[in-house]
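The values are calculated or read from the model by the stated rules, or taken from the named source; none is laboratory data. Model, not experiment: these values are computed from the prediction. Counting neighbours? That spans all protein chains shown, and the Cβs are built from the backbone with ideal geometry, glycine included.
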Amino acid sequence: MIPHGLSLPSPCYNLPMKVVHRDKVAAENPGGDSRGVTLRWLITQGDGASRFFMRLFEIEPGGYTPLHSHPWEHEVFVVSGLGEVRGEGRSFPLGPGDAVYVEEGETHQFRNAGGSPFVFLCVVPSHAAG
Ligand code: MN
C-alpha cells in the first residue's frame, strides 16, 4: 500500500516480484515408485528464481513419494493433512505446521497417513532435478 500523496519512482514497478496461484500451475506426476502424488513447480527459473525453487506436493490417502536420495537438500513445510516422512530406519509423523529438513544424500519418502490429501511445500536448490 502506497501512502496517499507518496509516489514511487517507476523503476520500482519493474522489479520481478511475482504472485502465482497454485491453480494456475500445471500438475505433474513425479513418476518413479510413487502413488497418488501430484507435483506443482510453483516458482522456478521461469519466474526469475535463480537459487531456490518452490514445489507443492499433494499426496492422496494411501499415496507416497518414491523412497530415494539425491545430492541436494529439501526443506519441507506441511500445509494440510497428515503424513509421515521415512528415512533409513526411522520415521516421523507430520501434520500442518511441521517443517522438515532432509539433508543431501539422505534417503527419504513422504507418505499420506490420513484420510484427506497430505499437502506440503518443498523448497530445493535450483540445480535439483527432483
Ligand atoms: Mn527428494
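So GLU73 ticks every box in (1) closer than 30 Å to LEU15 by Cα; (2) of a type outside the set (Phe, Trp, Tyr); (3) more than 11 Å from the ligand (Cβ to nearest atom) but one. Which box is left unticked?
Unmet for GLU73, out of (1) closer than 30 Å to LEU15 by Cα; (2) of a type outside the set (Phe, Trp, Tyr); (3) more than 11 Å from the ligand (Cβ to nearest atom): (3).
Out of the residues in the stretch 92-121 meeting the condition of being part of a strand (DSSP E or B) and closer than 17 Å to ARG35 by Cβ, tell me which one is nearest to the chain's Cα centre (by Cα).
Among those residues, the one meeting the criterion is PHE120.
Considering each residue of the stretch 44-74, count those that are in a strand (DSSP E or B) and either surrounded by fewer than 19 Cβ atoms within 10 Å (Cβ to Cβ) or touching a Gly at 6+ places or on another chain (Cβ under 7 Å) (or both), and give that number.
The total comes to 9.
Right, ALA128: outside any strand (DSSP E or B) and under 13 Å from the mean Cα position of the chain (by Cα) or not?
For ALA128, the condition - outside any strand (DSSP E or B) and under 13 Å from the mean Cα position of the chain (by Cα) - is met.
Enumerate the pairs (first residue in the stretch 89-108 and at pLDDT 95 or above; second residue anywhere and surrounded by fewer than 13 Cβ atoms within 10 Å (Cβ to Cβ) and charged (D, E, K, R)) with beta-carbon separation below 6 Å, excluding pairs fewer than 6 apart on the same chain, so at least 6 apart or on different chains.
Sorted first by the residue in the stretch 89-108, then by its partner, the pairs are THR107/GLU88.
Go through (1) modelled with pLDDT of 95 or more; (2) touching a helix residue (DSSP H, G or I) at 6+ places or on another chain (Cβ under 6 Å); (3) surrounded by fewer than 14 Cβ atoms within 10 Å (Cβ to Cβ) for GLU28 and report which single condition fails.
With (1) modelled with pLDDT of 95 or more; (2) touching a helix residue (DSSP H, G or I) at 6+ places or on another chain (Cβ under 6 Å); (3) surrounded by fewer than 14 Cβ atoms within 10 Å (Cβ to Cβ) applied to GLU28, the lone miss is (2).
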